[in-house]
Number of protein chains: 2
Amino acid sequence: MIAERMAVKSPPSNTQTHTSGVIQFKQINCVTFPLPLHMSEQQLLKPDEWSYCDYFWADRKDPQGSANISGFEVLLQKQLKGRQMQKEMAEFVRERIRIEEEYAKNLSKLSQIPLAAQEEGTLGEAWSQLKKSLADEAEVHLKFSSKLQSEVEKPLLIFRENFKKDMKKFDHHMADLRKQLASRNAAVEKARKALADRQKDLDLKTQQLEIKLNSKIEEDIKKARRKSTQAGDELMRCVDLYNQSQSKWFEEMVTSSLELERLEVERVEMIRQHLCQYTTLRHETDMFNQSTIEPVDKLLRSVDPATDRELWVKEHKTGELRPVDMDI
Amino acid sequence: MIAERMAVKSPPSNTQTHTSGVIQFKQINCVTFPLPLHMSEQQLLKPDEWSYCDYFWADRKDPQGSANISGFEVLLQKQLKGRQMQKEMAEFVRERIRIEEEYAKNLSKLSQIPLAAQEEGTLGEAWSQLKKSLADEAEVHLKFSSKLQSEVEKPLLIFRENFKKDMKKFDHHMADLRKQLASRNAAVEKARKALADRQKDLDLKTQQLEIKLNSKIEEDIKKARRKSTQAGDELMRCVDLYNQSQSKWFEEMVTSSLELERLEVERVEMIRQHLCQYTTLRHETDMFNQSTIEPVDKLLRSVDPATDRELWVKEHKTGELRPVDMDI
């Protein structure tokens, strides 16, 4: 459908002005490509976009050079790898969540340990606030980890459950079209050979007629010419079927690669947004953390040994009456 | 010495206009205090400071009401408790250091896990930076913990090794002076009793003389008067020694409590400064942490699926030559 919207004309056939004996195309794995002479006539379908639909028409030999990987398979593998990357990113974030939770747990635990809890006065207040600030910090990191989970990890983990199945369907569909192309190509070859045989037979009969005129031979030539015409018609029909098949495959290649391209854009955008959310949450964490320390700063500015002494003396004094000399 | 600088006149003796039979003072644990009548004549030595030297002259009964705790002992206990608080704060900071180290270790470890390392293009760059930012964060927390150790924990832990010993010396010195005071007080009591006996004897002899004039009795009276005078002199000598002793104790009480006060101010100031250093380091940590995320933000802004597709297509394309119709 996308291909239709682009008004792509599937394999332009008018470039093939076939002259007997001059081969205008070459075939690779049953796909018909133009010869270098005609390459320049092809414009990219989407010249400014590095679109997938322009660059995966050929097959790729695997490193051993034995099996062929179709261009479409290369695209599919990228999709599956992208899906794997997304899953691994979610795992990474999951581990960060775990680290934040543990950090928060440790800070919270420390804030509750009664170390120096008996410190008194203004210093005691500042100290209590310093301990409380740890509980506040713990809260900030716990919130960070909880938001990381709901706003980053979960969204990254959400894939269409059937993504892999969908990709398999794509794969099978395109492979089926290539198989059809191959069988129709074989039919063309067979028909081409049959036609050649018929023409050879006709030529032979025609030579016989030149040597010896004979009504039986004339009859044979008529028959051979009819069969040759039939074989020519058959070849045309097979070529037509092949071209229809290739056209169908071509259209599906464009449509599907554009769909994969769209999925890829969607994936990158989705990941980008959620990584941005991660950095936003990290910035927030720093800001909130800073604010946990501010009350401590304030109380530390109020620490005053004189005030502390006053408070302590009021509570603990034993008597302010000084001794005097004894008299007799 | 501090007491001298303050020009403190040790127990003012001129308030005691002793009239025979009218008791001008009361004693508590061998220390001589003025009666309530004369209390108002005492001004605080340091009226605006809630100074230790003004409020610990009496002893304190312990909760069971059995043993007495001297005022000076109360002050010493505060010093020892203060030292304990300082040690506990250092322990608390030590635990925070441990938590930061563990957090840093976990972040650093996570940054090295190769999750999603194969992500490509601009998204791959942003992802790498995000992972690197964890290593940077780890570095920040490691620096925080290391500075906490050198600039907060260690200074808090540094006490004069002999602080406790010094306090013991103070304690023993003051206790010795109180013991001397007690023994001199006993001597005064003994001399007072001796004088009373001698006067009773003189009175008896004087009555005998009234009944019967006799040169032998006159001689006895002379002798008794001489002995009474000697007993009076002895009492005066004992009271003098007692007063000297109390004066010495008084002066040491003022000097030592001012010294303890100075140590307390030093402690509070020292702790305040190092807790301020803690909050400064915490603020720095937040700021540095924020800066670890900025390069990630920048690269996330540069993420572009089109650029990524271009890079990927350039590397992975299989061929841009599109198929054409086969001709016969």
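All of the numbers you see were taken from the coordinates with simple rules; none came from a lab. Remember, predicted model here, so these are calculated numbers, not experimental data. Cβ atoms come from the backbone with ideal geometry, glycine included; neighbour counts cover every protein chain shown.
Structural remarks
- Peptide A:61-73 has a mean shielding of 1, counted as Cβ atoms of other protein chains within 10 Å of each residue's Cβ.
- Couplings 3J(HN,Hα) for the stretch B:178-189, derived from phi with the Karplus relation 6.51 cos²θ - 1.76 cosθ + 1.60 (θ = phi - 60°), are 5, 5, 4, 4, 5, 5, 6, 5, 4, 4, 4, 4 Hz, where x marks Gly and Pro.
- Fully extending the segment from B:Ser183 to B:Leu213 would add 6.5 nm, taking 0.36 nm per residue of separation and subtracting the current Cα-Cα distance.
- Normalising the average separation of contacting C-alpha pairs (under 8 angstrom, six or more residues apart) by the number of residues puts the relative contact order of the stretch A:100-256 at 24 percent.
- Whichever lysines have a C-alpha closer than 21 Å to that of B:Lys200, once near sequence neighbours (fewer than 8 apart) are set aside: B:Lys190, B:Lys212, B:Lys216, B:Lys222, B:Lys223, B:Lys227
- Note on chain B: GNM, Cα springs under 10 Å; of B:Glu252, B:Glu210, B:Glu41, the largest mean-square fluctuation is that of B:Glu210.
- Cβ-Cβ FRET estimate between B:Gln84 and A:Arg262, R0 fixed at 41 Å, reported to 0.05: 0.05
- In order through the stretch A:111-119: 3J(HN,Hα) via Karplus (6.51 cos²θ - 1.76 cosθ + 1.60), integer Hz, x for Gly, Pro: 5, 9, 5, x, 5, 6, 5, 8, 4
- Taking amide H positions as modeled 1.01 Å from N, with prolines and chain starts lacking one, the residues under 5 Å from B:Thr32 and 5 or more places away or on another chain are A:Val324.
- Couplings 3J(HN,Hα) for the stretch A:238-254, derived from phi with the Karplus relation 6.51 cos²θ - 1.76 cosθ + 1.60 (θ = phi - 60°), are 5, 4, 4, 4, 4, 5, 4, 5, 5, 4, 4, 4, 4, 5, 5, 4, 5 Hz, where x marks Gly and Pro.
- Likely footprinting exposure, B:Phe163, A:Phe170, fewest C-beta neighbours within 10 Å first: B:Phe163, A:Phe170
- Near the amide H of A:Ile69, within less than 5 Å, lie the amide hydrogens of A:Arg60, A:Lys61, A:Asp62, all on another chain or at least 5 residues away, with H placed in the peptide plane.
- Chain A, relative contact order [Cα under 8 Å, separation at least 6], %: 27
- Shortest-first nm distances, A:Arg225 label point to equivalent points in other copies (7 Å, Cα→Cβ): 19.1
- Candidates per GluC sites (Glu not before Pro) in the stretch B:127-181, loop by DSSP, up to 13 other Cβ within 10 Å: B:Glu161
- The residues A:Ile113, B:Ile217, when put in order of fewest to most other Cβ atoms within 10 Å, stand as A:Ile113, B:Ile217.
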